[in-house]
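S.K.: Structure below; questions to follow.
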Amino acid sequence: QVQLVESGGGLVQAGGSLNLTCTASGLTFDDYAMGWFRQSPGKEREGVSCITWNGQRSYYEDSVKGRFTISRDNTKNTLYLQMNNLRPEDAAIYYCSAGLGCGGVTLLAQADYWGKGTPVTISS
């Protein structure tokens, strides 16, 4: 069965950095584009970043562009999100998911595979 496990979140001061990790199992990882999503209380889940199957293209939501970097290691079935210069509005639970391709910062034909997410909390 498919399993996605997000990790690396925590409490960070504004301006600090975190690196999130998503480890996938039960699927052929390099068949899929991968995306990061986040959700705050009372808000809908939103796309943050997407990367194509081979990492040749990546996309970022406007508010994180220049601060976040998405990457993947297909030999490890692992997706990363390097988050720099964090802002209070970045606080959320971060999730990863898989799809056939990137449609901007979201996934095309997104599979309904979600882990429990990893929470990111920002202190001022």
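The values are calculated or read from the model by the stated rules, or taken from the named source; none is laboratory data. Please read all numbers here as calculations on a predicted model, not as lab measurements. Here the Cβ is made from the backbone with ideal geometry for all residues, glycine too, and neighbour counts use every protein chain on show. Heads up: the accessible areas ignore ligands, DNA and RNA and are worked out on the full protein's heavy atoms, side chains in. Shrake-Rupley method; radii C 1.70, N 1.55, O 1.52, S 1.80 Å.
S.K.: For a quick check of your reading of the filter: which GluC sites (Glu not before Pro) in segment 30-103 sit in a DSSP loop and have no more than 14 other Cβ atoms within 10 Å? Mind showing how you got there, number by number?
M.R.: Values: sites: GLU44, GLU46, GLU61, GLU89; in loops: GLU44, GLU61.
Taking segment 30-103 and a limit of 14 other Cβ atoms within 10 Å, the loop GluC sites (Glu not before Pro) found are GLU44.
S.K.: At a probe radius of 1.4 Å, what is the per-residue accessible area of LEU108, in Å² to the nearest 10?
M.R.: 90
S.K.: Just how far, in whole angstrom, is segment 1-44 from segment 46-113 if you go by their alpha carbon centroids?
M.R.: Cα centroid to Cα centroid, the span is 8 Å.
S.K.: Tell me, what is the 1.4 Å probe accessible area of LYS43, in Å² to the nearest 10?
M.R.: Rounded to the nearest 10, that gives 130 Å².
S.K.: So how strong a dipole does the chain carry about its Cα centre when Lys and Arg Cβ are +1 and Asp and Glu Cβ are -1, to the nearest 20 debye?
M.R.: My answer is approximately 180 debye.
S.K.: Return the lysines within reach of LYS76: Cα separation strictly under 29 angstrom, same-chain partners fewer than 8 residues apart disregarded; answer none if there are no such residues.
M.R.: Qualifying lysines at Cα under 29 Å: LYS65, LYS116.
S.K.: Which order do you get for ARG57, ARG67, ARG45 if you rank them by accessible area with a 1.4 Å probe, largest at the top?
M.R.: ARG57, ARG45, ARG67
S.K.: With both bridge residues required to lie in segment 49-118, what share of the DSSP beta bridges run antiparallel, to the nearest 5%?
M.R.: If we restrict to bridges inside segment 49-118, about 100 percent are antiparallel.
S.K.: Output the relative contact order of the chain, whole-number percent, from Cα pairs under 8 angstrom with separation of 6+ residues.
M.R.: Numbers: 328 pairs, mean separation 44.0, N = 124.
Rounded, it is 36 percent for the chain.
S.K.: Sorted by packing (mean other beta-carbon atoms within 10 Å per residue), highest first, where do 92-100, 18-26 land?
M.R.: 92-100, 18-26
S.K.: Now for a separate question. LYS43: which aspartates and glutamates have alpha carbons under 17 Å from its alpha carbon, excluding same-chain residues fewer than 8 sequence positions away?
M.R.: GLU61, GLU89, ASP90
S.K.: Another question about this same structure. Provide the percentage of antiparallel DSSP beta bridges, counting only those with both residues in the chain; round to the nearest 5.
M.R.: Roughly 95 percent of the beta bridges in the chain run antiparallel, per DSSP.
S.K.: Tell me the per residue accessible area of the chain using a 1.4 Å probe; a whole number in Å² is fine. Show your work: numbers first, answer last.
M.R.: On the way: 6380 Å² over 124 residues.
Here the per-residue accessible area is 51 Å².
S.K.: Let me ask something additional. Computing the accessible area with a 1.4 Å probe over protein heavy atoms, can you report the carbon and sulfur percentage for segment 1-110?
M.R.: Working: 2480 of 5480 Å².
Carbon and sulfur atoms account for 45 percent of the accessible area of segment 1-110.
S.K.: Follow-up. Semi-axes of the equivalent ellipsoid for segment 46-124, please: Cα gyration tensor eigenvalues, times 5, square-rooted, ordered largest first, whole Å.
M.R.: Ellipsoid semi-axes (Å, largest first): 21, 14, 12.
S.K.: At 0.36 nm per residue, and after removing the present C-alpha to C-alpha distance, how many nm does the segment from LYS65 to LEU11 gain when stretched out fully? Walk me through the numbers on the way to the answer.
M.R.: Working: separation 54, 0.36 × 54 = 19.44 nm, distance 2.13 nm.
Separation in residues times 0.36 nm, less the Cα-Cα distance, equals 17.3 nm.
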